[in-house]
Amino acid sequence: MSIEYIKNLDQTIAIIIRASYSAEGIRFLTAEQFSQQLAYMKRPVGHKITPHVHNPVRRDVVYTQEVLFIRSGKLRVDFYTESRFYLESTTLSAGDVLMLVAGGHGFEMLEDTEIIEVKQGPYCGEGDKLQFEPASGPAASGGEG
């Protein structure tokens, strides 16, 4: 599957766009209420998007949502619930895109890996996240956060 939704019950934890995904037009992959929006676009040569500016709109961001672009290499991502219980893991490779929406996550690089990360700001330093030791799952044996 080229687009994967990692879920815990009805809650979206993450969205993965595999490097192999391709579709014509535009497809928004996130719910309208998400504080970060993710879409895929494929447009033919000559297609134009009308020049525009975005209006100032006040938004309240409560939880950080991150988008990771895997430029090179390979990594394992482990997904956790909000309560820090292990859900599942998957491997990401060059060209994959991952949006982390909710819950917890951890990573292990399986090869030398380059990642571009995009998330809301401003960054709040150490107050921005809570690191935890997983009770179960691949990362339960240790590692840095």
Practice item. Scan around Leu87 for amide H atoms under 5 Å from its own, H built in the peptide plane at 1.01 Å from N, and keep only partners 5 or more places away or cross-chain. Key: Phe79, Tyr80, Thr81
Practice item. Hand me the tally of lysine pairs in the chain: alpha carbons under 22 angstrom apart, and the pair either on different chains or 8 or more positions apart. Key: 4
Check your understanding: Considering the dipole of the stretch 52-131 built from charges on the beta carbon (Lys and Arg +1, Asp and Glu -1) around the Cα centre, which of Val118, His54, Met99 is farthest to its positive end?
Key -> His54
Exercise for review: Output the peptides 49-55, 68-74, 5-11, 126-132 sorted from most to least packed, where packing is the average of other Cβ atoms within 10 Å over each peptide's residues.
Suggested key: 68-74, 5-11, 126-132, 49-55
Point to revise | Listed residues Ile6, Gly127, Ile26: farthest to the positive end of the dipole of the chain (Cβ charges) | key: Ile26
Practice item. Subtract the Cα-Cα distance of Arg84 and Glu133 from 0.36 nm times their separation in residues, and report this length gain in nm to one decimal. Key: 16.8 nm
Study note, to complete from the structure: Between Asp112 and Val53, Cβ-based FRET efficiency (R0 30 Å, step 0.05) works out to 0.15
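None of the figures in this text is laboratory data; all of them are computed from the coordinates on show. Just so it is clear, the structure is predicted and the values come from calculations on it, not from any experiment. All Cβ positions, glycine included, derive from the backbone under ideal geometry; neighbour counts span all protein chains shown.
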